[in-house]
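Before any comments, here is the structure.
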Amino acid sequence: IIELVDARKKPSTPSMDIYLGKESKSSKEKAIETARDILETTIKDVITHPVETDYQTKIILTVDNDRLSTRGCVLDDVLSVLETNKKFKTTLSNNTIILQLADETDSQTVVSLRNKILKTTVRGVPEIKRLSLKEENGQWLIQTTGSNLAKVLSVKGVDKNNVRTNNVFEISTVLGIEAARNALINELKATLENQGL
C-alpha cells in the first residue's frame, strides 16, 4: 500500500492502448496507416534544422522529403496549415518555405512566432507524441505516449468501443463519471495484483 501511495504522488505519463477496427486490426499496412493518422506530426518533425531567420522580417523553413514521407504527409499539408496564419505571407521555392512577416517586428516576437510555428500540428492527434505498434494474438494494436481520447475516437480505423487511457480526468470529461470510476477501479486492481496484494 505504501508503494501505491508513493506511485500516486508521482505524475504518470498519460498513455493509451488503441485497438483497431475490423479492417485495420489484421493488416499491418492498414495498422501503420491508422498509426500515422494518430501520431502527432508538427512542422518541427518535417523540416531540417536549424530554422533560418533574420529576426525581423522573415522565417525560412526547409522541408525534408524523407521526414515528410515517413510521417505520411505531403508538402501541401504543411503549406495549408501555414497559410491559415495571417501574421505572415507564405512563399514556396523548391522545398524551402519562406514566411514573410506582415509587419517588421523585434527579435523576441520573431523567436516566439517561430517557436509557435514549429509546434503547429500538420497531421495526427495533438498530444500523441510517440506510439508503437504491437501484435497480440494475430491482431494489431497501437500503444501511445500521450493521450487525447476525444480526438482518437474520431480517427478512422479505430475500434471506438475499445480504446483505453490511463488519464482518468480525460475519461471523465469524454465518457462520463461512471467510466472514470471503472477506470480507477481497474487501475487499482492492476496495481495491487502487480504487487501481489
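Total lysine pairs in the stretch 61-139 at Cα distances under 22 Å, for residues eight or more apart or on different chains: 8. For the chain, the equivalent ellipsoid derived from the Cα gyration tensor has semi-axes of 39, 21, 14 Å, listed largest first.
As a fraction of the 1.4 Å probe accessible area of the chain, surface on carbon and sulfur atoms comes out at 49 percent. What the phi angles of the stretch 122-139 give under the Karplus curve with 6.51, -1.76 and 1.60, with θ = phi - 60°, is a coupling list of 8, 8, x, 9, x, 5, 9, 7, 9, 8, 9, 9, 9, 9, 10, 6, x, 10 Hz, glycine and proline written as x.
Based on protein heavy atoms only, the stretch 107-197 ends up with 64 Å² per residue of surface accessible to a 1.4 Å probe. Under a model in which nothing but the beta-carbon of Lys, Arg (+1) and Asp, Glu (-1) is charged, the chain shows a dipole of about 240 debye around its Cα centre.
Sequentially through the stretch 141-154, phi angles give Karplus couplings (6.51, -1.76, 1.60; θ = phi - 60°) of 9, 10, 10, 10, 9, x, 9, 8, 4, 4, 6, 5, 4, 8 Hz, Gly and Pro residues having no value and appearing as x. Taking θ as phi - 60°, what are the ³J(HN,Hα) couplings along the stretch 96-110 by the Karplus curve (6.51, -1.76, 1.60), each to the nearest whole Hz, with x for Gly and Pro? Once rounded to whole Hz, the list reads 9, 9, 9, 9, 8, 5, 5, 10, 6, 10, 7, 5, 5, 5, 5.
The values are calculated or read from the model by the stated rules, or taken from the named source; none is laboratory data. Quick caveat, the model's predicted, so the values are computed rather than measured. We place every Cβ from the backbone using ideal geometry, glycine too, and count neighbours over all the protein chains shown. The area values use the complete protein model at the heavy-atom level, side chains included, leaving out ligands, DNA and RNA. Shrake-Rupley method; radii C 1.70, N 1.55, O 1.52, S 1.80 Å.
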